[in-house]
Amino acid sequence: MKTESKLEKLLEKGEFVVTSECGPPRGADADIIRKKGALLKDAVDAVNVTDNQTSVVRMSSISACIILKQMGMEPIMQMVTRDRNRIAIQSDILGAAALGVNNILCLSGDHQKFGDHSSGKNVYDIDSVQLIQTLKLMRDQGRFIGGDEIQGKPAMFIGAAANPFADPFEIRVPRLAKKINAGVQFIQTQCIYNLDRFEKWMEGIRGRGLHEKVHILAGVTPFKSIGMANYMKKMVPGMDVPDEMIERLKSVDKEKRAEEGIKICVETIERLKKIEGVRGIHIMAIEWEEKVHEIAEKAGLLPRPVV
C-alpha cells in the first residue's frame, strides 16, 4: 500500500536521503520543538521524534510530530513497546495516522531502570518485530491484531532500527532479515564509528540481497568532547568507538575538539556514501541540532531535493 510519505517517495526515486532526530522537551513548551525544527528544516528530508528516549518522561512523540508537521516538515514518529500494550499501540497508530503522520520507527525501548522512573513497570506486550508485523497487518490488510476490520487503514511507511555492532556479531544480519520478513521498509542504524565493522556488516547484507529489500540509512553522531566519546565507548551498550578516534580528539586543543568531532563525522559520512546498499544518512546530533546543517553542507548533502 502506497503512503503519503515524502521520505518513501524520495527513496523510491533513488535519492540519497538525509534524516535527523529531535528529542521532545521535558515539559509542555511547544516552542522548544519549533526551535529545533527550524534548525533542521532545510537540512534534512525527515526528522525522527523520539519516544521517551532513555526511559525519561518527555512530551509525547505524537504531539511533537504534529508540531513539526505544522511547520511543513516530515516527521518520523518513534514508538517503543516498553510503555504500551497492544491496545494502546494500535490506538496510537490510528491516532497518528489520522493526524497525518506518515512514517513510524518501531523500537523496543530502553529498559526503565535507565530512566527517571526506575520503579515503573514496563509492558513489552509485543516486541519491535511484532510491532512491525502489527503495522503491516493494519496497513495492508486493514485488520487489528484481534482480527477485526479497521475502518480507515493507517497508511504508514514502516521503519525500524538496527545495530551492526552489538554482540554476537554473527546474528546481526539474520536479525535484520527477520525485521524485513516482518514488513519493515527502511532501517536507521546505530551510530557508526567503527567503519570497518560496519562495512563487514554491509557485506553480509549484500550477500543475502537484503539491501535490495530495505532502505538502509546509516547513523552518525558527532562528538562534542572527549568526555562524550568516552561515555559512548564505555557506557552505551552496543556502541563501538575505536580508540584512534578518541586519540584524535585528544590530539587537538580542548577548544577545538567539538570542531574536530564534526570533521570526523563529515569524513565518516563521505565514506558511508560510497558503500553499496547505503541509501541515506541519519544524523543524530544529540541536543546539538544547530550543527546538523553545517554537517550536511560540509558532507555535500545540500541542497535537499523537493518531492
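The values are calculated or read from the model by the stated rules, or taken from the named source; none is laboratory data. No experiment lies behind these values; they were computed from the predicted model shown. Note that we place each Cβ from the backbone using ideal geometry, even for glycine, and neighbour counts take in every protein chain shown.
Could you say which residue among 229, 160, 155 is part of a helix (DSSP H, G or I) and either under 26 Å from residue 111 (Cα atoms) or not acidic (Asp, Glu) (or both)? Can you show your working first?
On the way: 160 fails: part of a helix (DSSP H, G or I); 155 fails: part of a helix (DSSP H, G or I).
Only one candidate passes the filter, namely 229.
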(Q) Would you confirm whether or not the range 29-51 contains a residue that is in a helix (DSSP H, G or I), free of Cβ contacts under 8 Å to residues at least 40 places away in the same chain and buried (at least 20 other Cβ atoms within 10 Å of the Cβ)? (A) yes
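Name the single residue that is modelled with the lowest pLDDT among those in the range 50-108 being among the hydroxyl-bearing types (Ser, Thr, Tyr) and in contact with a strand residue (DSSP E or B) (Cβ under 8 Å, 6 or more places away or on another chain).
Our first condition is that a residue be among the hydroxyl-bearing types (Ser, Thr, Tyr); within the range 50-108, this holds for 50, 54-55, 60-61, 63, 81, 91, 108.
Checking the rest, the ones that are also in contact with a strand residue (DSSP E or B) (Cβ under 8 Å, 6 or more places away or on another chain) come to 50, 61, 81, 108.
Details: 50: 97, 61: 98, 81: 97, 108: 93.
Taking the candidates together, the pick is 108.
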Q: Under 6 Å between Cβ atoms, at least 6 apart or on separate chains: pull out the pairs that start in the range 13-24 with a residue that is closer than 28 Å to residue 63 by Cα and without any contact (Cβ under 8 Å) to a residue 60 or more places away in the chain and end on any residue that is assigned to a loop (DSSP other than H, G, I, E, B) and not β-branched (Val, Ile, Thr).
A: 24/58; 24/59
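So which of 238, 204, 219 ends up being modelled with pLDDT of 95 or more and outside any helix (DSSP H, G or I)? Before you say what the answer is, go through the steps one by one.
Details: 238 fails: modelled with pLDDT of 95 or more; 204 fails: outside any helix (DSSP H, G or I).
Step by step, each of 238, 204, 219 is checked, and only 219 is modelled with pLDDT of 95 or more and outside any helix (DSSP H, G or I).
If I ask for residues that are closer than 23 Å to residue 76 by Cβ and either assigned to a helix (DSSP H, G or I) or modelled with pLDDT of 95 or more (or both), which ones from the range 166-183 would you list?
Residues of the range 166-183 closer than 23 Å to residue 76 by Cβ: 166, 172, 175-183.
Passing the criteria: 172, 175, 176, 177, 178, 179, 180, 181, 182, 183.
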Q. Which of (1) within 19 Å of the chain's Cα centre (by Cα); (2) on the phi < 0 side of the Ramachandran plot; (3) in contact (Cβ under 8 Å) with a residue 12 or more places away in the chain does residue 238 not meet, given it meets every other one?
A. (2)
Q | Long-range neighbours under 7 Å by Cβ, at least six apart or interchain, first residue within 14 Å of residue 197 (Cβ to Cβ) within the range 165-177, second basic (Lys, Arg) and part of a loop (DSSP other than H, G, I, E, B) | A | 173/208
